[in-house]
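**Student:** Next up is a structure, given as structure tokens.
The values are calculated or read from the model by the stated rules, or taken from the named source; none is laboratory data. Note that the structure is a prediction, hence the values are computed from the model and not measured. For neighbour counting, all protein chains shown are included, and Cβ atoms are generated from backbone atoms with ideal geometry for every residue, glycine included.
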Amino acid sequence: MTRNQSGNSNNGPPAGLSIDAEWSFIFRSAVESAYDAVLITDAELTAPGPHILYVNKAFTEMTGWSAEEIIGQSPRILQGPETDPEVLTRLRRALEHGESFDARAINYRRDGSAFQLEWRTAPIPDAEDRITHYISIQRDVTAEERIRSRLQQRADFDDLTGVLRRASAEQAIQGEIKRAGRYGTPFSLILFDIDHFRTINDEHGHAAADEVLKQLTRVITTRLREHDHFARWGGDEFLLVLPHTSSDGAEPLAQALHARAANATFVDHITITLSMGIAEYAEGDTPQQLIERADEGLYAAREAGRNSLGTG
């Protein structure tokens, strides 16, 4: 008798199986060798259920739990402090209605390390259409999320200075306009640039000029609040979006930033001054109108001899 016939090999079903049993063996073998993790539970949604009845090899490799350790436990054992409770609520609601559910959330391995999980959970009905089990197909997408996050960061932040790009600042303005319309809270913009920046480029070179921009962003950032938005608007021009700040609050901040920049020493002992324009959001302003008023303030500061503040 061959190993297949004796049933001692995983290379094929034992001889003599019925068609149903043979197909059952084939499906189980396929699930066991699947790349994605597979978990099957009973249909008891009330704690301490549901209870895990089966996991495949990919699941044990992904989570660090052996089949012997995890069977009989609830999938809640995989959850932790960063698992989104809203996602779990939507999952339960879908299962209660006999619906499949797709989502991403943070789960935890046996050693306590967190990972980003993508999964689909679906009900398994019996011949009378009663739900008896749930099956969950799962995949660790931590590396994928990390790449996506890096790409998003590159899209959102300026490569040279590390502050927001112009498009991200425009989104921040739109968000603050919505907030102002809903809650009536003020916000302001400060638009500023470096006086005679072209001269720095010409006399010290592009590398030194770039270093000035990087150093200036550090000087400015240390004075900002956590919820302020700081963006490179273009070239040597920068924009601050200041939530919950009227022009009366924005002006002292602008003066403080103006003084910090003037008192700082940059690469090659370069010193700089700033021209600044301030504008407070007025009801009905579009983003473009608000930005134009900040630009008018900046233009007024330049016309006044630079190294000063203007209000739009």
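**Student:** Out of the residues in the stretch 30-63 meeting the condition of being assigned to a loop (DSSP other than H, G, I, E, B) and hydroxyl-bearing (S, T, Y), tell me which one is nearest to D140 (Cα to Cα).
**Tutor:** Y35
**Student:** Going by the structure shown, is E203 under 26 Å from A304 (Cα atoms) and of a type in the set (D, E)?
**Tutor:** Details: under 26 Å from A304 (Cα atoms): yes; of a type in the set (D, E): yes.
Taking the combined requirement at face value, the residue satisfies it.
**Student:** Please go through the stretch 262-282 and pick out each residue that is crowded, with 20+ Cβ neighbours inside 10 Å and out of contact with any His (no Cβ under 8 Å at 6 or more places or on another chain). Don't jump to the end; show me each part of the working.
**Tutor:** Filtering the stretch 262-282 down to residues crowded, with 20+ Cβ neighbours inside 10 Å leaves 266, 272, 274-281.
Scanning the stretch 262-282 gives F266, I272, S275, G277, I278, A279, E280, Y281.
**Student:** So which of E44, E118, E96 is in the same structural domain as V141 (by TED's automatic domain parsing) and exposed (fewer than 12 other Cβ atoms within 10 Å of the Cβ)?
**Tutor:** E96
**Student:** Would you mention how many residues in the stretch 129-168 are within 30 Å of L91 (Cα to Cα) and among the charged types (D, E, K, R)? Before you say what the answer is, go through the steps one by one.
**Tutor:** Within the stretch 129-168, the subset within 30 Å of L91 (Cα to Cα) is 129-153.
With among the charged types (D, E, K, R) added as a condition, the list becomes 129-130, 139-140, 144-146, 148, 150.
Matching residues across the stretch 129-168 total 9.
**Student:** In the stretch 198-218, how many are touching a residue at least 40 places away in the same chain (Cβ under 8 Å) and not charged (D, E, K, R)?
**Tutor:** Total meeting the criteria: 8.
**Student:** Would you point out which residue out of L164, L191, L160 is closer than 30 Å to E280 by Cβ, exposed (fewer than 14 other Cβ atoms within 10 Å of the Cβ) and not charged (D, E, K, R)? It would help to see each step written out before you state the result.
**Tutor:** Numbers: L164 fails: exposed (fewer than 14 other Cβ atoms within 10 Å of the Cβ); L191 fails: exposed (fewer than 14 other Cβ atoms within 10 Å of the Cβ).
Every option except L160 fails the conditions.
**Student:** Examine the stretch 221-238 for a residue that is within 16 Å of L160 (Cα to Cα), buried (at least 18 other Cβ atoms within 10 Å of the Cβ) and free of Cβ contacts under 8 Å to residues at least 40 places away in the same chain, and state whether such a residue exists.
**Tutor:** no
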